[in-house]
Amino acid sequence: MVFCIFACFATLVFATQDNEEGTERGFEWNLSGAAVTFLGENSYFGESREIYGDNTDDWSEAAAELGFSGFLPLGQGSFFGALSGLYSKTWGDDASGNTVGLDDPGNFNIEQAHIGWRSGNTFPSLDKDALTLKAGNFDYVVGTGLLLADGTADGGKRGGWYLSWRTAFRESFLARLESGAWKLDGFFSRAREDVELSGCMVMVVILNTNLPVPVFLQGCCI
């Protein structure tokens, strides 16, 4: 089995930031995208047609995301939010086999769509921005991402299986308290479309962020 891969990745950010009477506010546009082509031979040891019903040696994918994010003062803290749209497409049948029978599938959907608040100096006894509240569609990673990192499935009718450009968790809420050596996350999200679960609640406690490798406890409740 031989594969040749040709890939291209790009990210552009256009940002503005103002100071009005010592108060910061900012706004930025974000554009990111990628494209990849696979030229293979004998995928699945030459058995892809028998396994999936078609040849999965060669295929191409592309994905692009355009959005904006911003923040502005709100009391002693700050209000922030983001909104983006993402399109991905696959030409040919990819190695997952989920595109077999589909005609060059592609899909557009809202990726990031969230609002939130950071405490800033609201609580003088705690660190700045010790409390963060966030709701909507957003990225969330536990630790290194081994257990929890990708909130949205790619591939099939959506295309973009290999690039896996979609990552935001849907209909989610995060409450984070971080001050000194302690960090506490309370996170809830609706389950991914490819998982037969109603939702997932995760509690993460970082015991000491000053250690080279943070020690954390976590739980998941369905």
Response to the item:
Around Tyr87 (Cβ within 11 Å, Cβ-to-Cβ, excluding Tyr87; K/R +1, D/E -1) the net charge comes to +1
Practice prompt. Based on the mean of other Cβ atoms within 10 Å per residue, sort peptides 63-71, 90-98 so the most packed one is first.
Written response: 90-98, 63-71
Fill in: Residues of type lysines that Lys128 reaches as a straight line, Cα spacing below 23 Å, ignoring anything fewer than 8 places off in the same chain
Lys183
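Among 130-143, 43-56, how do they line up from the highest to the lowest mean number of other beta-carbon atoms within 10 Å? Each step should come with its number before you reach the end.
On the way: 130-143: 18.0, 43-56: 15.1.
The densest-packed peptide leads the list: 130-143, 43-56.
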Item to complete: For region 45-84 and region 101-174, compute the distance between their C-alpha centroids and round to whole Å.
Response: 11
Worksheet, complete the sentence: Neighbours of Leu39 by Cβ distance under 10 Å: Lys/Arg at +1, Asp/Glu at -1, summed charge -3
Worksheet entry | Burial order of peptide ranges 28-40, 155-167 (average beta-carbon count within 10 Å, highest first) | 155-167, 28-40
Discussion item. Run the reach check for Lys157 against lysines, Cα to Cα strictly under 17 Å, same-chain hits fewer than 8 apart removed. What comes back?
Written reply: Lys89
Practice prompt. Quick one: net charge around Leu184, please, counting Lys, Arg +1 and Asp, Glu -1 for every other residue with C-beta under 15 Å from its C-beta.
Written response: -1
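We did not get these values from a lab; they are worked out from the coordinates using the rules stated. Nothing here was measured: the structure is a model prediction, and the numbers come from that model. Positions of Cβ are backbone-derived with ideal geometry, glycine not excepted, and every protein chain shown enters the neighbour counts.
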